[in-house]
1. Pairs Lys68/Lys309; Lys40/Lys128; Lys68/Lys285; Lys219/Lys280; Lys40/Lys216: which are spaced more than 26 Å apart, C-alpha to C-alpha?
2. Running a GNM on the chain with Cα contacts under 10 Å, which residue among Val207, Val94, Val31 ends up with the highest mean-square fluctuation?
3. If you put +1 on each Lys and Arg Cβ and -1 on each Asp and Glu Cβ, how big is the dipole of the chain around its Cα centre, in Debye rounded to 20?
4. Once you've got the GNM for the chain with C-alpha springs shorter than 10 Å, pick whichever of Gly260, Gly251, Gly286 has the biggest mean-square fluctuation.
5. Please give the contour-minus-distance gain from Asp274 to Lys197: 0.36 nm per residue of separation, less the Cα-Cα distance, rounded to one decimal in nm.
6. If neighbour count is taken as other Cβ atoms inside 10 Å, put Leu312, Leu23, Leu190 in order from fewest to most.
7. With Cα extents along the principal axes in Å in mind, check [x] 74, 43, 38; [y] 53, 46, 39; [z] 53, 41, 39 and report the label derived from this structure.
8. Using the alpha-carbon atoms, what tilt in degrees (0 to 90, nearest 10) does helix 2-16 show relative to the longest principal axis of the chain?
Amino acid sequence: MRFYMLFLSISVFLFANEIAPRLVIEASGNVQSIVMQEDKIVAGTNAGTIDVYAFKDGALIKKIAFEKIKDFTGEMMAPKVFSVDALLGTETYVAVVQASSGARRLVLVDNGVTKEIISAEENLFITKAQFVDKNRILVALMSNELLLIDVKTAKKQYQVQVNPSHFSDFVLNESKSVVASSCESGEITLSDVATGKTLKVFSGGNVDNVYKVDFKHQKILGAGQDRRGIVYDTTSKSYDRFDAPFLIYAGALSPLAKRGAFAFNEENDIVIFDLASKSKLHTLKGQKSTLNTIVFLNENELVSGSDDKFILLWRLP
């Protein structure tokens with residue numbers, strides 16, 4: 001009987017390490033970008049929409065649709081929403097939206113009113129944008145330049161070159177005073193948001209393109225093409241390395257930086273690591289396409305999106 005109980009305990013423990021999503025949401029189109037706005041999921045899609053869902057039950061709260069554009073053949077099509085962000089406690093969103101002839105534009109949506117911040121005619125290949133506060137938006141170009149934009153005037157407060165390599169991703173710290181940005185070189189750069197000046201450069205952890213970065217509690221996560229998940233300590237510049245059998249297309253830190261999540265293999269599993277012990281805690285199974293986004297809501301709940309219509313919600317034991 002004692003042996004049976006021990007066997008049962010081990011079996012339950014092993015089974016618990018593999019987790020299925022608690023909820024699957026079907027978005028309006030393939031998911032390009034996801035951010036959390038308190039207890040709401042905000043997603044940009046290739047169907048030309050910003051979809052807002054309740055994290056609790058996945059109910060659709062709001063859908064913002066952008067006007068169709070002409071493709072290269074002259075046919076009308078929905079524009080991709082490459083990047084989306086939301087101001088906390090408001091109905092204000094900023095989106096990088098596809099325009100005709102391969103151009104991109106930056107659009108602000110404030111309580112249903114749309115305002116163009118950067119037009120397609122400026123020919124800026126915008127990749128990502130995030131609010132610094134209600135008055136400023138930080139914008140990244142594919143050329144790895146950062147722009148700080150005044151929301152009211154749409155004027156650039158600065159435009160700086162961060163690194164000569166092509167831009168991959170950026171994320172602001174909790175106070176939104178510092179930005180961590182990554183690129184094809186494998187380096188991660190910390191810059192002062194107010195001035196654009198470089199503060200620190202982290203290298204050696206990743207040696208190829210860092211697809212995604214996250215930045216919480218003085219730790220920076222890098223998800224790499226080199227199959228390395230890296231977590232830097234910003235104070236010491238030391239890092240921990242988590243190797244995967246496949247390209248790590250996405251990664252995230254929990255709010256207290258106690259856990260790290262990485263896209264891990266060709267099956268699109270997400271692996272959760274305890275960062276203190278460097279041990280593997282859980283494998284999240286159920287994503288069907290290549291992961292592009294992982295976002296923690298809290299230490300035990302997270303959201304993931306991939307190159308399809310499905311947003312998966314997870315709860316850790």
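Every number here is computed from the coordinates shown, using simple stated rules; none is lab data. Everything numeric here is computed off the predicted structure, so don't read it as measured data. Here the Cβ is made from the backbone with ideal geometry for all residues, glycine too, and neighbour counts use every protein chain on show.
1. Numbers: Lys68/Lys309 19 Å; Lys40/Lys128 20 Å; Lys68/Lys285 35 Å; Lys219/Lys280 18 Å; Lys40/Lys216 20 Å.
With Cα atoms farther than 26 Å apart: Lys68/Lys285.
2. Ranking Val207, Val94, Val31 by mean-square fluctuation puts Val207 first.
3. It works out to roughly 480 debye.
4. In this elastic network of the chain, the residue with the biggest mean-square fluctuation among Gly260, Gly251, Gly286 is Gly286.
5. That pair, Asp274 and Lys197, stretches by 24.4 nm at full extension.
6. Ordered from fewest to most neighbouring Cβ atoms within 10 Å, Leu312, Leu23, Leu190 come out as Leu23, Leu190, Leu312.
7. Derived directly from the coordinates: [x].
8. Value to nearest ten degrees: 10.
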